Amino acid sequence: MTGQDPMSAVQIDTTRPHPARMYDWYLGGKDNYPVDEEMGRQMLTLDPRVPVMARVNRAFMHRATRWLARSGVRQFLDIGTGIPTEPNLHQIAQEAAPGARVVYCDNDPIVLAHAAALLRGTDEGATEYLQADVRDPDAILEGARKVLDFNRPVALSLIALLHFVSDEDGAHDLVRRLLAELPSGSYLVMTHATADFTPEESKAATEKMRAAGVTLALRSREEFSRFFDGLDLVEPGVEVPHHWHPELGEPVPGQDDGVIPGYGAVGRKG
């Protein structure tokens, strides 16, 4: 991997929690700050199964990547990648197809620093990192074009990301803009948190996150499904994440002990 020089990254903001670092804390990582742990613990008081949800999302990413690689996809654009946790997307993809090309994108400088040190792919393929925000799709597309061939199918991966982008920021339009540049045969891979199953806890979580300066835009099944308008959904369609092709991975301990308040799906661009 080449990517950017992590020493050139902007200063890391440790005054408010960041979703990527909170996710790292949920997964038992060490690459987070007291502000991330504090907010993480507040989320646990509302729903102690949040770490299970984080692992379920990663397991969905593993299964979807395996499905895509086995279906012939050789290019992946993963936005909101988070702090690297093995196995990461490129390891899953390149295990099935050593020549797979993967571009990771995140907006947190700490992710950049760890990506530069840890993300090593196969010699046959490519593994690159781009520091950019999903709210700036033009910058993402410009950077991704340097590594990916947009004349060939690309899997656009947005795992546990869009619930941090509000309707005011045009979440659905951002996805449409990204997909518009990808050719026929490309895929959209998404998971998203919802308040459908836990309305009271979700309302409290949204308010706590907002007070800490973090947007939490939980969406209904209908609102989530809109991201896939015009795409052909891969069976079984929109599902709670751990029910999507469970045969392609190992179950996450605790995933069946209560509700997983989220949805996952994969859709193909015709």
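The values are calculated or read from the model by the stated rules, or taken from the named source; none is laboratory data. Note that this is a predicted model, so its numbers are computed, not measured. Don't worry about glycine lacking a Cβ; one is built from the backbone with ideal geometry, like all the others, and counts go over all protein chains shown. Side chains included, ligands, DNA and RNA excluded: accessible areas come from the protein's heavy atoms. Shrake-Rupley method; radii C 1.70, N 1.55, O 1.52, S 1.80 Å.
Details
- Failed criterion for E201 (all others in (1) surrounded by fewer than 14 Cβ atoms within 10 Å (Cβ to Cβ); (2) charged (D, E, K, R); (3) under 23 Å from Y23 (Cα atoms) hold): (1)
- Among residues of the stretch 59-77 that are touching a residue at least 24 places away in the same chain (Cβ under 8 Å) and among the small types (G, A, S), those with a beta-carbon under 6 Å from a residue that is assigned to a helix (DSSP H, G or I) and open to solvent by 10 Å² or more (accessible area, probe 1.4 Å) at least six positions away or on a different chain give the pairs A69/A96.
- Residue satisfying condition, being surrounded by 18 or more Cβ atoms within 10 Å (Cβ to Cβ) and under 30 Å from D13 (Cβ atoms), within set G249, G264: G264
- Selection from the stretch 246-270 of residues that are of a type in the set (D, E, K, R) and not in a loop (DSSP other than H, G, I, E, B): E247, R268, K269
- Residue match in the stretch 38-49 (condition: over 25 Å from Y263 (Cα atoms), touching a helix residue (DSSP H, G or I) at 6+ places or on another chain (Cβ under 7 Å) and not charged (D, E, K, R)): no
- For the stretch 92-116, a residue qualifies if it is touching a helix residue (DSSP H, G or I) at 6+ places or on another chain (Cβ under 9 Å), farther than 23 Å from P17 by Cα and open to solvent by 10 Å² or more (accessible area, probe 1.4 Å), and the qualifying residues are Q94, E95, A96, R101.
- Counting only helices (runs of 4 or more DSSP H) that fall entirely inside the stretch 121-217 and contain at least 1 residues that are modelled with pLDDT under 95, within 24 Å of E37 (Cα to Cα) and among the hydrophobic types (A, V, I, L, M, F, W, C), the qualifying elements are 199-211.
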